[in-house]
1. Would the stretch 5-92 count as rounded, prolate or oblate if I go by the C-alpha gyration tensor, calling it rounded below 1.5 in a/c and otherwise prolate when a/b exceeds b/c, oblate otherwise?
2. Could you work out the relative contact order of the stretch 379-458? I mean the mean sequence separation of Cα pairs under 8 Å and 6+ apart, divided by the number of residues, in percent.
3. Classify the stretch 319-451: rounded, prolate or oblate, from the alpha-carbon gyration tensor (a ≥ b ≥ c, eigenvalue square roots; a/c under 1.5 rounded; otherwise prolate if a/b is larger than b/c)?
4. Based on the mean of other beta carbon atoms within 10 Å per residue, what is the order of 284-296, 44-56, most packed first?
5. Could you let me know the centre-to-centre spacing of the stretch 75-127 and the stretch 195-263, using Cα atoms, in angstrom?
6. If packing is taken as the mean number of other Cβ atoms within 10 Å per residue, what is the order of 117-125, 298-306, highest first?
7. Explain nothing, just the number: relative contact order of the stretch 103-310, from Cα pairs under 8 Å at least 6 residues apart, as a whole percent.
8. Can you give me the relative contact order of the chain as a percent, contacts being Cα pairs under 8 Å and 6 or more apart?
């Protein structure tokens, strides 16, 4: 039998490297290609199995003359590139790393998608499941490729996978036992023609589910509720505003089970604050409960409650850095959408100095006006969008900054004791940084310099 020849498109991503190494270990002939030069890719190539053929600086459709049987497309590479369009014309299957991992996964799967909150929900579910005694492994878009987990997963394991719309675009048979969509707000409209196209990509998470699977959604999100396709799975919801399978009322998170209301947790006892984190907790509660049902276990609600209270959150997500000269510093670098910024501002008291801007992603940034006028004293604008934002928010006090350090210095000068200095950019980081983590780390570093007296601002 002829050895299958697989092309991995996009090496400059964690998933590309992990997919190539996995496939070659399984006995496939593997080639990777990337638009970047071999010099740019050098650190990654060094981690690549020597049996993998590398084509650097080239993603031309002519590569398909090598006779590939299948293509694994890294999520950062759009399907619109000529190479992939030619592959479709030649009927060469194009799949995602998620689809590849699913073929070999023995474990139960919880899949988490949505615009905001994915990473927190993913890690919170894994945290809860571990406390409940499950062999839970978080991965996916949080930075741990699903394919890199596969060999360590057992039949009694649970893979908790964060899934971006990019990753879900090219799934074929992938089917999580429990699927979650946290919310849906405009994002990546530089890649999708409409919000509906973006939503449809997200909903690939549930399209292959059957009647024994569970789909969890945010009942407060009108777009999701109004555009939900027909699904075969069991559908369950969570809500801040009214009755649902898991709901919030008077500071208490509760769950409806067989017609009985069960108190699960007091929101004030959680280390992660804000109503958006109450939503994240409700999604985690339902997911943990349904995984218990999948394995025939009754979930100990007391253990689940304690797990919710012990979870400390993730860096760069409404992360309280501390206080300096009466100003509270919050690092929310992960907030790359207007929806995330709105949630961050809702979780904070008034008198915010908001550091905003970066690389635009096609969002309607005017959506921020109402909450900014209610919460924000001054905008400090950074990145490629600072001139655009100055025009959009012309009726709101604002200044432009030319670096993160300049932004923090100006924020200090414009603030007073009792104010909050919030980095919540609403934009991607790629104009100034390689990713949102680097942007957030820079903000933390500058804050540390302030505290240590190493940064003059007065």
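Read-outs: derived from the displayed coordinates by stated rules, not from any lab. It should be emphasised that the depicted structure is a prediction, and the values quoted were computed from it without experimental measurement. Here the Cβ positions follow ideal geometry from the backbone for every residue, glycine too, while neighbour counts run over all protein chains shown.
1. Oblate is the answer for the stretch 5-92, as a/c is 1.5 or above yet b/c matches or exceeds a/b.
2. Reported as a whole number, the value is 27 percent.
3. rounded
4. Listed from highest to lowest mean packing, they are 284-296, 44-56.
5. Going from one Cα centre to the other spans 21 Å.
6. With the highest mean Cβ count within 10 Å placed first, the list reads 117-125, 298-306.
7. 21
8. Relative CO of the chain lands at 11 percent.
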